[in-house]
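Working notes, structure below.
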Amino acid sequence: MNTTHVKMLDFLDTCFEIERVSAEMYRFFADRFLGDRSACLMWRKTARDEENHARQIDLARKAVDSISRVSLASWHKAAATLEGTRQIAGMVRDSPPTLEDAILLALKCEKCMESIQTENARKVDEPVVNRMFEGMIKEDREHVRMLESALCRIREHGEDAGYRMPLSA
Ligand SMILES: [Fe+2]
Ligand SMILES: [Fe+2]
């Protein structure tokens, strides 16, 4: 038994789950903040992007060699990120946050995801998977930028500002 590495396929399963859980949370926020047009569009876009990341990981799973492996340390970091994302997603369902808190929680998740993708892109020794993680890093940085600018908007104008612009479902 290899005690320093795990199967790439198992590692990618964990990465897939991180994207799926975060996409689900962003869909939840899109519904919860439906009345705030720009916030709702932001949540829908981030949800679509994470769903797309999950699809890419699924495709990568089919492209990588079944004997490929990644370090146990990388897998542990991915597993810890998944656990943290699941906890946050469960917490927001049990006790739905304000828009400001939702953004702060999403920023926390995005920063964790960006850090893990950066490490994955650097450490995973499989070109197809490397390129995929590099593409995701760019999109996660864009998510951070969007979330930070939404945070500035509501801190400046208040959470009600966006409610003046109803969005049809
Ligand atoms: Fe993602
Ligand atoms: Fe993201």
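Some points to look at:
- Sorted peptide list for 38-48, 75-85, criterion being average Cβ within 10 angstrom, highest first: 38-48, 75-85
- Counting 0.36 nm for each residue step from Ala63 to Thr4 and taking away their Cα separation leaves a gain of 18.9 nm.
- Cβ-derived FRET efficiency at R0 35 Å, Ala80 paired with Glu100, nearest 0.05: 0.85
- Kirkwood radius, the chain, all distinct C-alpha pairs, inverse of mean reciprocal distance: 16.6 Å.
- For the chain, a crude dipole built from +1 on the beta carbon of Lys and Arg and -1 on the beta carbon of Asp and Glu, taken about the Cα centre, is about 200 debye to the nearest 20.
- Relative exposure of Cys15, Cys152, Cys112, judged by other C-beta atoms within 10 Å (fewest first): Cys152, Cys112, Cys15
- For region 68-154, the gyration tensor built on C-alpha atoms gives an oblate shape. Its axis ratio a/c (a ≥ b ≥ c) is at least 1.5, and a/b is not larger than b/c.
- Counting only residues at least eight positions apart within a chain, or on another chain, the lysines with an alpha carbon under 29 Å from that of Lys108 are Lys7, Lys45, Lys77, Lys123, Lys138.
Every number here is computed from the coordinates shown, using simple stated rules; none is lab data. Here the structure is a predicted model, which is why all the values come from computation and not from measurement. For neighbour counting, all protein chains shown are included, and Cβ atoms are generated from backbone atoms with ideal geometry for every residue, glycine included.
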